[in-house]
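Participant: Let me give you the structure first, and then I'll get to my questions.
The values are calculated or read from the model by the stated rules, or taken from the named source; none is laboratory data. Just so it is clear, the model here is predicted, and its values are computed rather than measured. Here the Cβ positions follow ideal geometry from the backbone for every residue, glycine too, while neighbour counts run over all protein chains shown.
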Amino acid sequence: MSENNNIARPYAQAIFEIAESSGNFSAWSEALGVMAMVAVNQDMASLLINPRVSRKDIGGVFIEVCGDQIDDLGQNLLRLLSQNRRLHILPEIAQRYELLRAEAERSVRAELESALPVSEEEQQQIAKALKARLGRDVDLVCKINEKLIGGAVIRAGDLVIDGSVRARLENLATAVGA
């Protein structure tokens, strides 16, 4: 996986530079999201590793599946990746691109996993606190995780704040067992 990230880095950087020069970060985010989704599709993943299908044909099928959700530049990217047998790293390219975009826009995507739904007011308070801590605008995405007995886990870039009951119980068990 680390090797894929190293391979994805120059592609993501080049796409970022194109998006930056055109001032259209969101269009590339959407296009890369579609491409990454297609790349992880089980049927497409099988096609990508099939030695009987030519690189050109794989690229054509990929472009056709993406349809009008990608423009000419996106199609050119798919052709290039297909020619170099790199279509499978599209999820990593998309992820690295989003990191570059967030850095340029001084924003961060934070994920809040909680056992129960979080009110709009609580979400705003959490986003405000994260913005103060990280010095960036925060795009907070909330998810329900029924495996969390209670509490919440927040992930924003490298920052992880685990306030879940499960983590507290594990800490208690470690402390008692020590």
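Participant: Scan the stretch 1-24 and report the pairs whose first residue is closer than 18 Å to GLU103 by Cα and whose second residue is among the hydroxyl-bearing types (Ser, Thr, Tyr), with Cβ atoms within less than 7 Å and a gap of 6+ or a chain change.
Facilitator: Listed pairs, sorted by first residue: ALA12/TYR97; ILE15/TYR97; PHE16/TYR97.
Participant: Still on this structure, please answer the following. Given the options GLU103, GLU64, name the one that is within 24 Å of GLY157 (Cα to Cα) and acidic (Asp, Glu).
Facilitator: Residue meeting the stated conditions: GLU103.
Participant: Being of a type in the set (S, T, N, Q) and either within 16 Å of the chain's Cα centre (by Cα) or modelled with pLDDT of 95 or more (or both) is the filter here, so list the residues in the stretch 7-35 that pass it.
Facilitator: GLN13, SER26, SER29
Yes/no per residue for (1) touching a residue at least 60 places away in the same chain (Cβ under 8 Å); (2) under 30 Å from VAL138 (Cβ atoms):
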site	(1), (2)
VAL38	no, yes
SER54	no, no
GLN69	no, yes
LEU77	yes, yes
LEU80	no, no
GLN83	no, no
ARG86	yes, no
ALA110	no, yes
SER114	no, yes
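Participant: For the list (1) touching a residue at least 24 places away in the same chain (Cβ under 8 Å); (2) over 29 Å from ALA36 (Cα atoms), I need the number of the one condition that ALA129 fails.
Facilitator: Failing condition for ALA129: (1).
Participant: I need the full set of residues from the stretch 67-78 which are of a type in the set (A, V, I, L, M), part of a helix (DSSP H, G or I) and within 14 Å of ALA36 (Cα to Cα), in order please.
Facilitator: Correct list: LEU77, LEU78.
Participant: A follow-up question, please. Grab the strands (runs of 3 or more DSSP E) fully contained in the stretch 102-167, keeping just those with 3 or more residues being outside the structural domain of SER29 (by TED's automatic domain parsing) and surrounded by 15 or more Cβ atoms within 10 Å (Cβ to Cβ).
Facilitator: Qualifying strands (runs of 3 or more DSSP E): 107-114, 137-144, 152-156.
Participant: Being touching a Leu at 6+ places or on another chain (Cβ under 7 Å), outside the structural domain of ALA152 (by TED's automatic domain parsing) and either over 25 Å from ARG9 (Cα atoms) or of a type in the set (D, E, K, R) (or both): is that true of VAL61 here?
Facilitator: no
Participant: Which of the numbered conditions does GLN42 fail, given that it passes all the others? Conditions: (1) under 21 Å from ARG101 (Cβ atoms); (2) loosely packed, with under 11 Cβ neighbours inside 10 Å.
Facilitator: The one condition GLN42 does not meet is (1).
Participant: Does VAL38 satisfy the condition of being at pLDDT below 90 and in contact with a helix residue (DSSP H, G or I) (Cβ under 7 Å, 6 or more places away or on another chain)?
Facilitator: no
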